[in-house]
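Scroll down for the structure; my scribbles are underneath it.
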């Protein structure tokens, strides 16, 4: 997969943006970055598109800014000259795709039929846009089309929102979802970028779904761990479960029989998608993970991994919900 598409896959959500006035480009870019989505597909539906791409790219060089609704090679040129790192088209126009491929410009054309996927593969593409996603059959159709095209991946756009986002992202062949629910046109027009920042942050929360699974407390001995667990369980009406290396009080408190990772203990954080969480946190937040701590299930899928850093004396690890 092309590097820019790898970056998009690690971010997970691509805000699809329509800007009528280029003056809104910089504050919108600020809001998206602060909200945790340093990415945007600026649609060529208005005359402000190219200038907006240039402003966003200059204001936030770390952003992955691309051009959407590209309908001509002239628009490809204008977008690339403005700083667009990728091109998205609503349909698969062979002339536009060839133009981009010949010039090593990343393009993700819109498709919703097997014939269009065949054409995309002829051009050597590994990722296509599935558009309009909900109106074209949604996730069920993506899964049906993906079955014979084992190497093709998808970026669905159209009708994606906070209610159906997780179902799309749960399918491994979906690299990311495009959507505009966190960047509504009316809020952009009114300059309410603080609300867009909040909605962007909420979109990330919806995607990753972080929540505390349990807190592990280091103890110096098995007796100490049992006493602590039993007292905690008594006070808060929880069952006690004695294991090989620790004693649980309910599911939220774990008392280790010997000191483990973290000077004080560890905190386990559940997430909707552990792989996406690791990719997002490492690429967007700059977090580092201890690969030697990774644990996998019998199918080779990641099920737990620790951050390299301690926070407040606690090691932190991710687990799948």
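Close Cβ contacts (under 8 Å, 6 or more residues apart or on different chains) running from residues in the stretch 95-112 that are exposed (fewer than 14 other Cβ atoms within 10 Å of the Cβ) to residues that are modelled with pLDDT of 95 or more and assigned to a strand (DSSP E or B) are absent. Just checking, does the stretch 269-292 include any residue being loosely packed, with under 13 Cβ neighbours inside 10 Å, in contact with a strand residue (DSSP E or B) (Cβ under 8 Å, 6 or more places away or on another chain) and part of a strand (DSSP E or B)? Looking for residues that are loosely packed, with under 13 Cβ neighbours inside 10 Å, in contact with a strand residue (DSSP E or B) (Cβ under 8 Å, 6 or more places away or on another chain) and part of a strand (DSSP E or B), one finds at least one in the stretch 269-292, hence yes. Residues in the stretch 256-268 that are buried (at least 20 other Cβ atoms within 10 Å of the Cβ), touching a helix residue (DSSP H, G or I) at 6+ places or on another chain (Cβ under 9 Å) and part of a loop (DSSP other than H, G, I, E, B): 257 only. Restricting the search to the stretch 64-90, which residues are surrounded by fewer than 21 Cβ atoms within 10 Å (Cβ to Cβ), touching a strand residue (DSSP E or B) at 6+ places or on another chain (Cβ under 9 Å), free of Cβ contacts under 8 Å to residues at least 40 places away in the same chain and part of a loop (DSSP other than H, G, I, E, B)? Across the stretch 64-90, the qualifying residues are 69, 71, 83.
Filtering 131, 210, 193, 171 for residues that are in contact with a helix residue (DSSP H, G or I) (Cβ under 9 Å, 6 or more places away or on another chain), at pLDDT 95 or above and buried (at least 19 other Cβ atoms within 10 Å of the Cβ) leaves a single hit, 193.
Residues that are under 17 Å from residue 251 (Cβ atoms) and surrounded by 19 or more Cβ atoms within 10 Å (Cβ to Cβ) were ranked within the stretch 215-229; the one that is nearest to the chain's Cα centre (by Cα) is 216. Close contacts from the stretch 182-200, counting a first residue that is outside the structural domain of residue 17 (by TED's automatic domain parsing) and part of a helix (DSSP H, G or I) and a second that is at pLDDT below 95 and surrounded by fewer than 16 Cβ atoms within 10 Å (Cβ to Cβ), with Cβ to Cβ under 6 Å and a gap of 6+ residues or different chains, come to none at all.
The values are calculated or read from the model by the stated rules, or taken from the named source; none is laboratory data. These numbers come from a predicted model, not from an experiment. Positions of Cβ are generated from backbone atoms using ideal geometry, with glycine treated the same way; all protein chains shown enter the neighbour counts.
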